[in-house]
Amino acid sequence: MTDAPLIRLTDITKVYQMGDMEVRALDGVSMEIHRGEYVAIMGPSGSGKSTMMNVIGCLDTPTTGAYELNGKLASSMSDDELAQIRNEEIGFVFQTFNLLARTTSLQNVELPLIYAGKSPAERHQMALKALENVGLGTRSDHMPNQLSGGQRQRVAIARALVNDPSILLADEPTGALDSKTSVEIMALFEDLYQKGNTIILVTHEEDIARHAHRIVKLRDGKIIHDEPNTPISSEEHLAHLNL
Ligand SMILES: Nc1ncnc2c1ncn2[C@@H]1O[C@H](COP(=O)(O)OP(=O)(O)OP(=O)(O)O)[C@@H](O)[C@H]1O
Ligand SMILES: [Mg+2]
């Protein structure tokens with residue numbers, strides 16, 4: 001039972017009907033991801049990366065095929081069931097951070113715990129610990145506009161992880177960051193991976209994908225490559241950039 005995959009996609013399709021034209025955003029995708037893996041999903045624009053993220057993150061359901069998450073059949077769940085499984089199992093990180101303005105780092109990180117029904121004291125303690133885990137223990141009273149881009153993304157990562165989700169799902173998390181700050185965020189992801197987190201990272205940047213331990217490539221809604229990867233270190237990456 002322990003080696004059952006955390007994620008199992010079986011022949012997933014996602015078809016959008018545009019007038020009388022069909023767009024097959026995902027076209028027969030099958031893959032498994034185990035607990036503790038660090039996977040990058042790559043592919044050119046329009047290849048289906050975000051669509052696949054939305055299915056894995058329970059934001060959307062496939063047109064056909066089966067999606068099992070943590071032993072539960074997510075592909076046949078109602079919207080309410082999906083919302084619940086999403087809150088419990090998935091931590092999201094986005095390109096543009098999506099933090100609440102005029103709200104401190106600590107309060108931003110506490111937000112998912114309010115939905116989870118934790119007491120104020122528990123919330124405070126858990127959020128502070130999550131901020132410390134991303135190196136921002138001394139920035140808990142800062143507003144987003146008092147933080148650097150990399151620090152904002154760290155707050156978003158702390159918020160994603162505060163509920164101890166099964167999966168950290170990041171869609172282009174370095175897309176709004178300069179290259180040096182991007183490497184710092186990748187160093188944090190490696191650290192989170194070493195601590196046992198399961199990470200799925202969507203990126204169209206080869207350099208960023210090379211930090212993952214497995215690389216999946218999509219084209220026209222199909223998987224065209226799925227291989228283990230020896231990750232590049234942050235030091236090597238910085239040397240590459242001449243920084
Ligand atoms: N809501 C929608 N309605 C119709 N077509 C859609 C919809 N969402 C996505 N598509 C189409 O599905 C295909 C895959 O889109 P998707 O957003 O998954 O690509 P992507 O790989 O994330 O691209 P990018 O790198 O530009 O973000 C594209 O051809 C897109 O036009
Ligand atoms: Mg996308």
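Couple of notes before you dig in:
- Condition check for R214: of a type in the set (D, E, K, R) and away from ligand 2 (no atom under 16 Å from the Cβ): yes
- Applying a threshold of 8 Å to beta carbon distances and a minimum spacing of six or more residues, or different chains, the list of pairs starting in the range 37-65 at a residue that is without any contact (Cβ under 8 Å) to a residue 12 or more places away in the chain and part of a helix (DSSP H, G or I) and ending at one that is open to solvent by 40 Å² or more (accessible area, probe 1.4 Å) and more than 8 Å from ligand 1 (Cβ to nearest atom) reads N54/D60.
- Within the range 105-120, residues that are under 19 Å from S148 (Cβ atoms) reach partners that are part of a helix (DSSP H, G or I) and open to solvent by 70 Å² or more (accessible area, probe 1.4 Å) with beta carbons closer than 7 Å, at six or more positions or on different chains, in the pairs S105/R139.
- Total residues in the range 177-209, condition more than 14 Å from the chain's Cα centre (by Cα) and farther than 30 Å from V23 by Cβ: 13
- Members of the range 71-96 found to be more than 16 Å from the chain's Cα centre (by Cα) and crowded, with 16+ Cβ neighbours inside 10 Å, listed by number: A74, S75, M77, L82
- In this entry, L99 is excluded by the filter for residues that are surrounded by fewer than 18 Cβ atoms within 10 Å (Cβ to Cβ) and either closer than 30 Å to E236 by Cα or under 20 Å from the mean Cα position of the chain (by Cα) (or both).
Matching residues to (1) touching a residue at least 40 places away in the same chain (Cβ under 8 Å); (2) open to solvent by 40 Å² or more (accessible area, probe 1.4 Å); (3) under 21 Å from L136 (Cβ atoms); (4) not acidic (D, E):
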position: L161; (1), (2), (3), (4): yes, no, yes, yes
position: G221; (1), (2), (3), (4): yes, no, no, yes
position: E227; (1), (2), (3), (4): no, yes, no, no
position: T230; (1), (2), (3), (4): no, yes, no, yes
position: A239; (1), (2), (3), (4): no, yes, no, yes
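- Search result, residues across the range 1-44 that are of a type in the set (S, T, Y) and within 15 Å of the chain's Cα centre (by Cα): Y38
The values are calculated or read from the model by the stated rules, or taken from the named source; none is laboratory data. Predicted, not measured: the structure shown is a model, and the values here were computed from it. Neighbour counts are summed over all protein chains in view; Cβ atoms, including those assigned to glycine, are modelled from backbone coordinates with ideal geometry. To get the accessible areas, we keep the full protein, side chains included, count just its heavy atoms, and leave off ligands, DNA and RNA. Shrake-Rupley method; radii C 1.70, N 1.55, O 1.52, S 1.80 Å.
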